[in-house]
Amino acid sequence: MFGFPCPMQTNDVTKTGALDVEGRLVLPPLIDAHVHLDKTYTRNRLGDIDPGLLSAISAMHADRKAHWSSKDLFARSERALMQAYDAGTRLVRSHVDWIDANSIPLAWPLLAEQAENWKEKIRLQRIALVPLDILSNEGDATRIIKEVFVSKDAAMGAFIHSSNFDAQAIYNLVELADTWGVDLDLHIDEELSANAKGLECLLDALEARSHTFSGRIVCGHLCALSSKEYKDSLALLDRAAHHPITIIALPTSNLFLQDTHTSRTPRLRGITLLKEASARGIPCLLASDNVQDAFYPLGNYDPLEMLRLSILGAHLTDVFDSWSQAICSSSAIAGKLSTKEIGPEQEWLLFNTESIWSWPSDLKRTRLHAGISPSKNELFFN
């Protein structure tokens, strides 16, 4: 009965030592592979913010200077991890703003402490989110990557956007990350400019090398793929399929920040080409991204809510049997980092429905734990 594949619709079971879940749907624990615990729960103190991604970045910089302290960061990240755990999440990957090559951000060691505090319940990984222009200096890039290399459960990241585009910095990033043996996890082409060149340059850098990148490269956002000429976007995905690349769509911030104006309704969605990427065998995930901050004023660290929003935003079908993997497949981000989720090996989320057609209309779920007593061959559930 136990150890069934993900996902599955259970059948009635009457064998001794098994739990009859009466045909309800079951998934393994969830993952939230792209969040920002250093920014979270700050919207209430930011005031008015002009629309768009760059304005949100400016608002967060101001908040960092005014309010970020160990106490503030700890309280907000603790609240987020509690919500993630309540949702049934066992692996959380948080980006951490790293804006100075000469100093380690306050949130970096603090989240390492949080990871230790939560190690029995959640695996918390950290990504150094570095503006691309810093990485144009090879010495600065090396200094940060070396720090990431010696950090537990950590990978290297960068913010790659038309506003800071630098091809040499991308080449530096790829070479140094592979030299030091760290995975990459990027914010890339988070914009609707058809001229955005982040993914194209990343692929150029990978294809210029004599050997394959040895880790995993996670590409978050890629909104620009939705606004380029369709044939050009497909050509980029054809190239990406030959590399160890995973794509993560972030439906809340992409829908909220892209094509946003104060005087008109948005006409473009900003969600990347999930169906086309998946059809080419590129692993695709969904994640919560920003929660109640300058980038998105709502949210609650529930990957299931991200899936439900993506059904609307990206017109996903075959949701339970296929796209549920976008919120529970940790292998999609596995590279140099271990992505084995913390928690009991036999653990599932039991949903209050038997219908794959209307799931997940009801977001209620029950966490099931099963354990074998060393003295009695007995199953325990709570």
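The values are calculated or read from the model by the stated rules, or taken from the named source; none is laboratory data. As the structure is a prediction and not an experimental result, all values here were calculated from the model. Here Cβ is always computed from backbone atoms with ideal geometry, including for glycine, and neighbour counts include all displayed protein chains. Just the protein is used for accessible areas: all its heavy atoms, side chains included, with ligands, DNA and RNA removed. Shrake-Rupley method; radii C 1.70, N 1.55, O 1.52, S 1.80 Å.
For the reader, a short list of remarks on this structure follows.
- Top-ranked residue of region 253-301 - restricted to ones that are touching an Asp or Glu at 6+ places or on another chain (Cβ under 6 Å) and within 17 Å of Asp189 (Cβ to Cβ), ranked as surrounded by the most Cβ atoms within 10 Å (Cβ to Cβ): Ser253
- Residue tally, condition of a type outside the set (Val, Ile, Thr) and surrounded by fewer than 18 Cβ atoms within 10 Å (Cβ to Cβ), over region 206-217: 6
- Only one of the numbered conditions (1) of a type in the set (Gly, Ala, Ser); (2) more than 18 Å from the chain's Cα centre (by Cα); (3) open to solvent by less than 20 Å² (accessible area, probe 1.4 Å) is violated by Gly47, and that is (3).
- Near pairs, Cβ below 9 angstrom, 6+ apart or cross-chain, from region 307-321 (at positive phi) to any residue that is of a type in the set (A, V, I, L, M, F, W, C) and surrounded by 14 or more Cβ atoms within 10 Å (Cβ to Cβ): Asp318/Ile356
- Residue match in region 102-114 (condition: among the hydroxyl-bearing types (Ser, Thr, Tyr) and out of contact with any helix residue (DSSP H, G or I) (no Cβ under 6 Å at 6 or more places or on another chain)): yes
- Residue check for Leu304: in a strand (DSSP E or B), of a type outside the set (Ser, Thr, Tyr), out of contact with any Ser or Thr (no Cβ under 6 Å at 6 or more places or on another chain) and closer than 30 Å to Ala241 by Cα: no
- With respect to (1) of a type in the set (Ser, Thr, Tyr); (2) touching a residue at least 40 places away in the same chain (Cβ under 8 Å); (3) open to solvent by 50 Å² or more (accessible area, probe 1.4 Å), the lone exception for Tyr171 is condition (2).
- Test: Leu19 is over 19 Å from Ile122 (Cα atoms) and not in a helix (DSSP H, G or I): yes
- The set of residues from region 307-316 being part of a helix (DSSP H, G or I) and open to solvent by 50 Å² or more (accessible area, probe 1.4 Å) comprises Arg308, Leu312.
- Subset of region 317-353 [acidic (Asp, Glu) and surrounded by 15 or more Cβ atoms within 10 Å (Cβ to Cβ)]: Glu341, Glu347
- Of the candidates Ala169, Ala155, the single residue that is hydrophobic (A, V, I, L, M, F, W, C) and either in contact with a Cys (Cβ under 9 Å, 6 or more places away or on another chain) or within 30 Å of Tyr230 (Cβ to Cβ) (or both) is Ala169.
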